[in-house]
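K.L.:
So that we are looking at the same thing, I have put the structure below in structure tokens.
The values are calculated or read from the model by the stated rules, or taken from the named source; none is laboratory data. All figures in this text were calculated on a predicted structure; none of them were measured in a lab. Calculation scope for accessible area: heavy atoms of the full protein, side chains included, ligands and nucleic acids excluded. Shrake-Rupley method; radii C 1.70, N 1.55, O 1.52, S 1.80 Å.
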Amino acid sequence: MRGRLVLVMAVGAAVVAAGWSHSLAEGPVPTCFGKPADHVLTDGNDDLDLGAETEPQVVVGLGGDDSIHGGQAGDRLCGGAGIDEIYAGPGKDRVNAGAGRDYVNGEGGADLIKGAAGDDNGSTTWRVGTPEEGGFGARLDGGNGKDRMYGGNGRDGIRGEAGDDLIRGNGDIDRCSGGPGDDDVKCEKRLED
């Protein structure tokens, strides 16, 4: 996936970037989990790789089908509308994929991964690392829509919410809840829906 990278910088009373500008008179800078964005993507299809970043980054995707790769620290990554792929990276990250049929991989760290309304014709996939990586302890909240949610080897909390969800704890003592809908849940400890 190729696209334009848009970096946000504060300059006086305005926030400007290549291909994007925002006057403070127009309202606040876009935020992700309450923090102002360091990077704001476009309404097109964007590709942003922060893999070398060692300081926490805040990313806000707008529209389009975006590919976002987080850095080494605890990033805040918000995908926005479109079919996004988000790879959080090894830090203790917060991810909100936004609306659409998205793929989210927490990769490592005790991440918070949230979803929004999905697409009735598709699904959102949430994954916390791989069985080999282990030791995380993430919290995944699927939101409305058909979600596929896979925990890591840590003690994960997985909540599918509304929609027909597939939930797998994948090791340790996970706490899982499918929510309303026809759910397929395999987890060490299933909570009441």
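K.L.:
Find the accessible area per residue for region 35-87; the probe is 1.4 Å, ligands and nucleic acids are left out, and the unit is Å².
P.N.:
For region 35-87, the solvent-accessible area averages 37 Å² per residue.
K.L.:
Right, here's the next one. Can you tell me the length gained on complete extension of the stretch K35 to D47, counting 0.36 nm per residue apart and subtracting the Cα distance?
P.N.:
Length gained, K35 through D47: 2.2 nm.
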